[in-house]
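*Asks:* Below is a structure I'd like to ask you about.
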Amino acid sequence: MARKTRNKKEKIEAYRHEKDTRKNAVLAGLASYDTSKPKPKKYQYNPHLDPQLIWSGKAEHTSFEVPTVSLHIHEHIATEAIIRSVKRKDPQMYLFAKPDMPLKKLVEFYQHDMDWTNRLILGDSLLITNSLLEREMMAGKVQCIYVDPPYGVRFSSNFQPTTKQRDVKDQDNFMVREPEQIRAYRDTWQLGIHSYLTYLRDRLLLSRELLTESGSIFVQISDENLHHVRELMDEVFGKENFVNLITFKKSGSQTSIAVPTVADFLIWYCKDKSYLKFRPLYSEKKIGLESAEFRQLLLKDGTTRSIRSEELMGQKNLPDGSRIFKSTDLHSRTGSESTTQPYEFQGKTYTPRSNAGWRTTIKGLQNLEKSRRLLATKNTLRYIHFFDDFPFSGITSIWDDVMGEANIQYVVQTNVKVITRCILMTTDPGDLVFDPTCGSGTTAYVAEQWGRRWITCDTSRVALTLARQRLMTAVYPYYKLADEKMGVKGGFIYEEVPHITLKQIAKNEPPQKETLLDKPEIDRSKVRITGPFTVEGIPQHSVTEFEDVNYETEIERESHTVIERSEETKQSKDEILAPLGMT
């Protein structure tokens, strides 16, 4: 099938978080001039929590130390630079830009702020999180954390061995050879579930420190260890900060001796429930499913009838001018003098039930009658609630519409729809999202699409390679900015829909509007690509004494070294340009 060629007049842009900064981390080529030797950070647990989960090794693990490492920048990826170089037909693509600061300050690592770039980091999430907290002072800076850890079921399992092979087996030729993975997985989980719980609790504790007061954390888990992880999170975040347990349907099912398992779970906690940032999401209603109670028609002549089965199934059109509705009780549990009076409708007088009243005043009932909202039954009046008053319903804790993930590249790739909902519910454009379990980079991909800043890490070079390629070749719709001067932080222009209610009609007020956060307006004259991001890692180097050095020469050599060794970037040029119709 031929690839669709894009309109050459389309502008190619990327969102930039111009008002945000990050610390100037260590450039890999200048690592020998990082003479700092920060002490390990000690973390301590509260031994007086009750009730709590007990496992082997927990009693001895009342505190732990984490080495405070630097994070070294190896690449600065800017897809825009690749496209510009192709348009100019430059012989060399400069993907690693020199930091825009005086050269002497450049080697004063972690002492200065630099323009924000998103971050893809190789290494153990415990070391990386501690580095963000201690070296970069990022405590209280992250709005949302998404964790998709190993489910703690098969501790002998190998990892995806290459970027081209997703079939993973427990055989010697499938064993990983990456030191980060061996340390973070095999050596750490010697005691099976006991080591797993220690591993996870330590990382949850540090993750809590990263969160803002209004921040949220989601942990994806299967049913095998759901109860254990819930208890862990009660200990770390406090049971009072539990928000919800979300069940989402998987595309496949696991074999079982009884009922097959078709769902995974999201355990949702927050830093402080009294400050929780929550943005409601809505899904469109469909007749006959979640809107099964809407089974009546108001016809053009004012008569009513039930919807026929062929109309409900879409096999036959509804009569012209008809509207689908349901009738609801027009009584309230309490009444006042203004709401307990009789009301005459279509020649018959109706009186509210004893010890109750109408849901509105007599004047309100008159307004409802003018709007064709009253339905007479044998002994009382009911309110006509039309389906199109608000053809949406709020997202609940059961997600059965998120199955299916196209173009899976990683053996445990997370569903885009699941992460999208988590991010949209708990963050605003410009907020920072962290995923310590990068995998194929789905969290980074989703955060980039919706204008959020992101940091993600993984112990697997295969995972980071896939994530890096996925981000470099991604093409997104360009969402219209609400405020051009504020940029992404000012938010997007969203679709709004009226939400008509009984109260609004009774008081003759204009309907309130609900914002559909998953439906921003799209500027179709532009196409968007991934913004700048860095590829970083935990160092493996020796520190030398600080000496006089030609900084400019060192930086220039570092940038050329990165470009020259990045053969994957050169090879992927066509893949980056293909979605843009520029090959």
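*Asks:* Which whole-Hz ³J(HN,Hα) couplings does the stretch 369-384 yield from phi under the Karplus relation 6.51 cos²θ - 1.76 cosθ + 1.60, θ = phi - 60°, glycine and proline marked x?
*Replies:* For the stretch 369-384, the Karplus curve yields 5, 4, 8, 6, 10, 9, 10, 8, 10, 4, 10, 8, 10, 10, 8, 8 Hz.
*Asks:* Less than 18 Å from a label point 7 Å out along the Cα-to-Cβ axis of Glu13: which backbone N atoms in the stretch 516-538 qualify, by residue?
*Replies:* 520-532
*Asks:* Suppose R0 equals 51 Å; then what is the FRET efficiency for Arg353 and Glu240 from their Cβ-Cβ distance, rounded to the nearest 0.05?
*Replies:* For Arg353 and Glu240, the calculated efficiency is 0.80.
*Asks:* To make sure I understand, if each residue's beta carbon is the centre and we count other beta carbons within 10 Å, what order do Lys513, Lys105 fall in, fewest to most?
*Replies:* Sorted ascending by nearby Cβ count, the order is Lys513, Lys105.
*Asks:* Based on other C-beta atoms within 10 Å, arrange Asp113, Asp20 from fewest to most.
*Replies:* Taking fewest neighbouring Cβ atoms as first place, the list is Asp113, Asp20.
*Asks:* Suppose R0 equals 22 Å. What FRET efficiency, 1/(1 + (r/R0)^6) with r the Cβ-Cβ distance, do Gln341 and Gln512 give to the nearest 0.05?
*Replies:* 0.20
*Asks:* Pairs on different chains or at least eight residues apart, Cα atoms closer than 20 Å: how many lysine pairs in the stretch 432-551 fit?
*Replies:* Close lysine pairs found across the stretch 432-551: 8.
*Asks:* Right, another one. Charges on Cβ only, +1 for Lys and Arg, -1 for Asp and Glu, centred on the Cα centroid of the stretch 244-347; of Thr303, Ile267, Gln315, which one is farthest towards the dipole's positive end?
*Replies:* Ile267
All of the numbers you see were taken from the coordinates with simple rules; none came from a lab. Note that the coordinates shown come from a computational prediction; the quantities given were computed from them, not determined experimentally. Neighbour counts run over all protein chains shown; Cβ positions are idealised from the backbone, glycine included.
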